[in-house]
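Below is one structure, written out as structure tokens; comments come after it.
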Amino acid sequence: MKRLTTILLVILSSCSISYKFNGASINYETTKTISVANFPIKAALVYPPLEELFTNSLKNAYTRQTRLQMVSSGGDLQLEGKITNYDLPPQAVTENAYASQTRLTISVRVRFTNTKDPQYDIDQTFSGYKDFSSDRMLTDVQDELIQQITDELVDQIFNATVANW
């Protein structure tokens, strides 16, 4: 009986179950690093703090939600791209022909390279937007809206690149 118990303990201790609550499906045996290049703004309208905010948010997401080591270049996974659109079109027009709602839209072109499994490479544009009342100044809401849109875009990119579901 003691021998059976010992065998069971050895078998059970050698098994492990891994749950991933963030949705990442990365083979950490072969994939250990990620590099995220700066995402320059190539849009007609430019809000200079957006480049740094977006790039840092992307890096933080992969650092917090995976066990990948961030490297400056040449990672097993590589993200690069550019911010292609920063636009403020009117959305709702009142009877006086004035806009009552304005939409802040940000689009990002992303090229993702998986050097360990190229079937997961992507080259795709991601977009996000938030509406705000036109009676508010853009300067009053811009930082908050950009943070919300950036968070949404980072989630979209993370899910498209490493969630694989």
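The values are calculated or read from the model by the stated rules, or taken from the named source; none is laboratory data. Keep in mind that this is a model prediction, so the values were computed, not measured. When we count neighbours, we look across all protein chains shown, and the Cβ atoms used for this are built from the backbone with ideal geometry, even at glycine. These area figures cover heavy atoms from the full protein model, side chains too; ligands, DNA and RNA do not enter into them. Shrake-Rupley method; radii C 1.70, N 1.55, O 1.52, S 1.80 Å.
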Query raised in the report: For region 108-165, which residues satisfy the criterion of being under 22 Å from L68 (Cα atoms) and either part of a loop (DSSP other than H, G, I, E, B) or of a type in the set (S, T, Y) (or both)?
Result: T113, T115, K116, D117, Y120, D121, T150, T161, N164, W165
Report summary line: Q101: passes all of (1) free of Cβ contacts under 8 Å to residues at least 60 places away in the same chain; (2) under 23 Å from P40 (Cβ atoms) but (2)
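Given the residues Y129, Y62, Y86, which is the only one that is out of contact with any Gly (no Cβ under 6 Å at 6 or more places or on another chain), over 16 Å from F39 (Cβ atoms) and surrounded by 16 or more Cβ atoms within 10 Å (Cβ to Cβ)? Step through it out loud before you land on a result.
Values: Y62 fails: over 16 Å from F39 (Cβ atoms); Y86 fails: over 16 Å from F39 (Cβ atoms).
The unique qualifying residue is Y129.
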Report task. Report, ordered by the first and then the second residue, all pairs with beta carbons closer than 8 Å, sequence separation of six or more or different chains, a first member in region 62-81 that is over 17 Å from D155 (Cα atoms) and in a strand (DSSP E or B), and a second member that is of a type in the set (A, V, I, L, M, F, W, C) and open to solvent by less than 40 Å² (accessible area, probe 1.4 Å). Result -> Q69/I34; M70/I34; M70/V36
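Quick one: would you say A92 is aliphatic (A, V, I, L, M), within 25 Å of S133 (Cβ to Cβ) and assigned to a loop (DSSP other than H, G, I, E, B)?
Numbers: aliphatic (A, V, I, L, M): yes; within 25 Å of S133 (Cβ to Cβ): yes; assigned to a loop (DSSP other than H, G, I, E, B): no.
For A92, the condition - aliphatic (A, V, I, L, M), within 25 Å of S133 (Cβ to Cβ) and assigned to a loop (DSSP other than H, G, I, E, B) - is not met.
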Query raised in the report: Under the condition of being surrounded by 14 or more Cβ atoms within 10 Å (Cβ to Cβ) and among the small types (G, A, S), which residue from region 132-165 is farthest from A43 (Cα to Cα)?
Result: A163
